[in-house]
Amino acid sequence: MFFVLFGVRTKDQLVDNRVQTCEVCGWAAPQARLARTSKFTLFFIPLFPVSPTRYFLRCGHCMALRPARAAYV
Ligand SMILES: [Zn+2]
């Protein structure tokens with residue numbers, strides 16, 4: 001009997017933190033910039049990315065997650 005286990009794993013990695021005003025709650029709170037990558041896995045081993053890296057900002061006060069650019073202006 002032969003079987004293949006495959007799938008996609010999405011992982012968020014912290015790029016940096018910066019205190020700035022949140023557009024959702026209006027507080028000056030640490031905004032964590034996250035890089036989200038999705039990789040094809042074979043037998044639970046991540047092999048190659050299946051989509052381009054996307055960046056998000058997560059507010060440390062209200063935990064709102066919103067899209068961000070790759071670099072701060
Ligand atoms: Zn906020």
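Please specify each residue of segment 23-39 satisfying the condition of being within 16 Å of Arg69 (Cβ to Cβ) and either within 11 Å of the ligand (Cβ to nearest atom) or out of contact with any Ser or Thr (no Cβ under 6 Å at 6 or more places or on another chain) (or both).
Glu23, Gln31, Ala32, Arg33, Leu34, Arg36
Only one residue in Val4, Val50, Val19 is surrounded by 13 or more Cβ atoms within 10 Å (Cβ to Cβ) and among the aliphatic types (A, V, I, L, M). Which one? So that I can check it myself, show each step before the final result.
Working: Val4 fails: surrounded by 13 or more Cβ atoms within 10 Å (Cβ to Cβ); Val19 fails: surrounded by 13 or more Cβ atoms within 10 Å (Cβ to Cβ).
Residue meeting the stated conditions: Val50.
For segment 6-36, enumerate the residues that are β-branched (Val, Ile, Thr) and more than 15 Å from Arg54 (Cα to Cα). Can you show your working first?
So in segment 6-36, the residues β-branched (Val, Ile, Thr) come out as 8, 10, 15, 19, 21, 24.
Listed by number, the residues that qualify are Val8, Val19, Thr21, Val24.
Could you please let me know if Val8 is out of contact with any Pro (no Cβ under 8 Å at 6 or more places or on another chain), modelled with pLDDT of 95 or more, within 28 Å of Met63 (Cα to Cα) and of a type in the set (Val, Ile, Thr)? It is true that Val8 is out of contact with any Pro (no Cβ under 8 Å at 6 or more places or on another chain), modelled with pLDDT of 95 or more, within 28 Å of Met63 (Cα to Cα) and of a type in the set (Val, Ile, Thr). Please specify each residue of segment 40-70 satisfying the condition of being within 14 Å of the chain's Cα centre (by Cα) and either away from the ligand (no atom under 16 Å from the Cβ) or among the polar types (S, T, N, Q) (or both). Within segment 40-70, Pro49, Ser51, Pro52, Thr53, Arg54, Tyr55, Arg69, Ala70 meet the criteria.
The values are calculated or read from the model by the stated rules, or taken from the named source; none is laboratory data. Computed from a prediction, not measured in an experiment: that's the story for all the values here. Positions of Cβ are backbone-derived with ideal geometry, glycine not excepted, and every protein chain shown enters the neighbour counts.
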